[in-house]
Each structure stands twice: as C-alpha cells, then as structure tokens.
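Working notes, beginning with the structure itself.
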Amino acid sequence: MSEKQHSKSRYTLKKTIVMVGMMGAGKTAVGRGVAGRLGVPFLDSDAEIEAAANRTVPEIFERDGEAFFRARESQVIARLLEDARGVLSTGGGAFLAEENRNIITARGVSVWLDADLDLLWQRVRHKDTRPLLRTVDPRATLAEIYGARVPLYAKADVVVKSVPGLTIDQMVERVIAKLLADRKDVLEVRDA
C-alpha cells in the first residue's frame, strides 16, 4: 500500500485489530473490508502458516496434527503482531489458547464476530476446507465446537454481532462503529 493510499484514510489506527471467532463467522472477508476502509494492511494468520509450510491448513492437520498447527499458529500471530498496525484475521481456534489471547490483548485488540450456530452452518456446510468438520456428522461437530468455544470468544475485547442478511460492507461498518464508540485507544477519526 502506498503512502498516498494510506493518507486518504480518514481514520487513525493505533493498535492492530485482530478478528476472532468461529469458522464461517466472516473473519477474513470482514477483516479484509475493515483493512480496506481504514487504509491499512490486511494479514491472515492461516495464509501466513500455509505460505511458510508450503501446505494448506487441512494438509498440515493431516500430516502433522492439530497440536503442531496450533504451535505454529501461536508463533505466527506473535510475529504478525510485532509488525506495523493493520487488521489480522486468525483461524477459528487461535483465540482458544491463553497465550494467544494474552499477546493479542497486549499488542492489539480482539474483535469477536459473534455469529450464531445456524448462520455458521449455512456458511460452512458446503465447504470441504474445514479439517475439524471432516466427521460423520459435521453439523453436530460444529455445534460441539461452538459450545466449547463461545465462552472463550466472549473474552474478546470487542464483540460485534453478526446477523443473517447483513452484507460484508454492513459488517465492516458495524466493526468500525463499535471500535470508534468503545475503543478510542484503538481507532479514531482524523481531523480534516
């Protein structure tokens, strides 16, 4: 991104925004939109892990296991939070680790895209790129994962409810509005 593009943004971002939540919540799409609107870099921890490993996330899970993947994920998130401010999308399991929650809170702000189970199922049911859903009953597996994770996602610094029928742009607006209202230490509108 050029300095010219960055200077066009009417916002000042003071901390990295870290998108957290379930698979299918829209972390990547909404995160990319927020970054675009703010004129800051967008990063995706899963994409960074895939690039470093030269394998997809499902391939890493299959070959090396979830524990290996989670260790790499923590390393990548810590590294990405050291760099310039921007928007970081994380994998659905990233915020579960206390180590990740602590570093995200220390160096950025976590934004939970809170989507209900039915909405998540509508979004992920036809995708085969979700290694944790490669089970006999993926809907039941998703419900189990959802039940276990929601109490941890609820620890996020900011919660933005995802409602069926909202466009990505509408969700982007909701995230920005929530940050402007609740977190002046993260985002503010520049004086013209």
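The values are calculated or read from the model by the stated rules, or taken from the named source; none is laboratory data. Everything quoted here is computed from the prediction, not taken from an experiment. Here the Cβ positions follow ideal geometry from the backbone for every residue, glycine too, while neighbour counts run over all protein chains shown.
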In segment 133-144, residues that are at pLDDT 90 or above and surrounded by 14 or more Cβ atoms within 10 Å (Cβ to Cβ) total 1
By residue number, the members of segment 146-176 that are of a type outside the set (Val, Ile, Thr), buried (at least 17 other Cβ atoms within 10 Å of the Cβ) and either modelled with pLDDT of 95 or more or in contact with a Lys or Arg (Cβ under 6 Å, 6 or more places away or on another chain) (or both) are Tyr153, Ala156, Asp157, Met171, Arg174
When segment 50-74 is checked residue by residue, the ones that are surrounded by 13 or more Cβ atoms within 10 Å (Cβ to Cβ) and among the polar types (S, T, N, Q) are Thr56, Ser74
**Asked** Looking at this structure, is Arg190 of a type outside the set (S, T, N, Q) and either in contact (Cβ under 8 Å) with a residue 24 or more places away in the chain or surrounded by 15 or more Cβ atoms within 10 Å (Cβ to Cβ) (or both)?
**Response** yes
- Query: For segment 90-113, does any single residue satisfy the condition of being crowded, with 16+ Cβ neighbours inside 10 Å, basic (Lys, Arg) and within 16 Å of Asp157 (Cβ to Cβ)?
  - Reply: yes
Scanning segment 73-132 residue by residue, those modelled with pLDDT of 90 or more, basic (Lys, Arg) and in contact with a strand residue (DSSP E or B) (Cβ under 8 Å, 6 or more places away or on another chain) turn out to be Arg101, Arg107
When restricted to Arg72, Arg55, Arg63, Arg32, the only residue more than 16 Å from the chain's Cα centre (by Cα) and either touching a residue at least 40 places away in the same chain (Cβ under 8 Å) or outside any helix (DSSP H, G or I) (or both) is Arg55
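Table: residues versus (1) among the hydroxyl-bearing types (Ser, Thr, Tyr); (2) farther than 27 Å from Asp185 by Cβ; (3) out of contact with any Pro (no Cβ under 9 Å at 6 or more places or on another chain); (4) touching a residue at least 40 places away in the same chain (Cβ under 8 Å).
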| site | (1), (2), (3), (4) |
| --- | --- |
| Thr90 | yes, no, yes, yes |
| Pro138 | no, yes, yes, no |
| Arg149 | no, no, yes, yes |
| Val159 | no, no, yes, yes |
| Ser162 | yes, no, yes, yes |
| Leu166 | no, no, yes, no |
State whether the residues of segment 137-152 include one that is β-branched (Val, Ile, Thr) and under 20 Å from Pro58 (Cα atoms).
yes
